[in-house]
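What follows draws every value from the coordinates through simple rules; no lab data is involved. None of the values given here were measured: they were computed from a predicted structure. In this analysis, Cβ positions are derived from the backbone assuming ideal geometry, glycine residues included, and neighbour counts consider all displayed protein chains.
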């Protein structure tokens, strides 16, 4: 018999596509084993259970895009001993952070008959811009193996260890030829944090930067190389303006014509 209650795990959704929550569900057998060790207190994607806090671990998917999001994340933080953000939306603002580079009010006026009914913020920002975050798990979506590694570490009372090297490192580990050298294919692998297993380069496609910038991305060196391979300056900006458009390291890329 257990001497103490099982840890309480909660999974929360803000502005997102649910892809990272689906990755949690995709753990399948591992999730069943995890469920035997914790009480899943809140996870709308998987159960109607909704237990009050405090929560030992909260996984948060999604960015802050409305005043309600901003208020809700403060409450989640207050109720959580450990808060882990999962996915590009929660860690960098997500694809919806493209609004940060334009006038969001103009978008609303062009789409909605009564934009004054729409309660949204002018920007889409990561959770860390509003409350302290204990750990960030990158990806669009997150990687199943990294998720299990983080949860196992937290439940064991140790600090998670997620690699901070680039996708290029993963290509070398699996013996994948560099697509930029072998085929002249533009690739963000040299400046993108590892985590996916270098899936795209293994199929002769360039990395799209799903896991966001690595700790010290040398974009100043990569941009001229992308242009040498035929990528126009405007297209270079678009290459960086995807899942992690507002992430430091990607958001300020401004290639010279």
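Structure above, values below:
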item	result
Nearest-ten-degree value, helix 144-155 long axis tilted from longest Cα axis of the chain	40
Of [x] 39; [y] 35; [z] 27, the label for percent of Cα pairs over 28 Å apart derived from the coordinates	[x]
Residues 117, 55, 112 arranged by fewest to most Cβ contacts within 10 Å	117, 112, 55
Over the chain, relative contact order from alpha-carbon pairs under 8 Å, at least 6 apart, %	17
Degrees separating the helix 67-79 axis from the principal Cα axis of the chain, which is the longest one	50
Highest-first arrangement of 81-87, 125-131, where packing means the average Cβ count within 10 Å	81-87, 125-131
GNM flexibility winner over the chain from 182, 102, 35 (Cα, springs under 10 Å)	182
Sequence-separation-based contact order of the range 109-257, relative, with Cα cut under 8 Å and 6+ spacing, percent	18
Span from the the range 1-73 Cα centroid across to the the range 104-147 one, whole angstrom	19
Highest-fluctuation residue, 39, 204, 103 considered, GNM on the chain with Cα pairs under 10 Å	103
Neighbour-count ranking [beta-carbon atoms within 10 angstrom, fewest first] of 43, 101	101, 43
Rounded to 5, the percent of DSSP beta bridges in the chain classed as antiparallel	25
Pairs of alpha carbons in the range 1-62 whose separation is greater than 19 Å (percent)	29
Between helix 219-228 and the chain: long-axis angle, C-alpha atoms, 0 to 90°, nearest 10	50
Fewest-first sequence of 199, 111 by Cβ atoms within 10 Å of each Cβ	111, 199
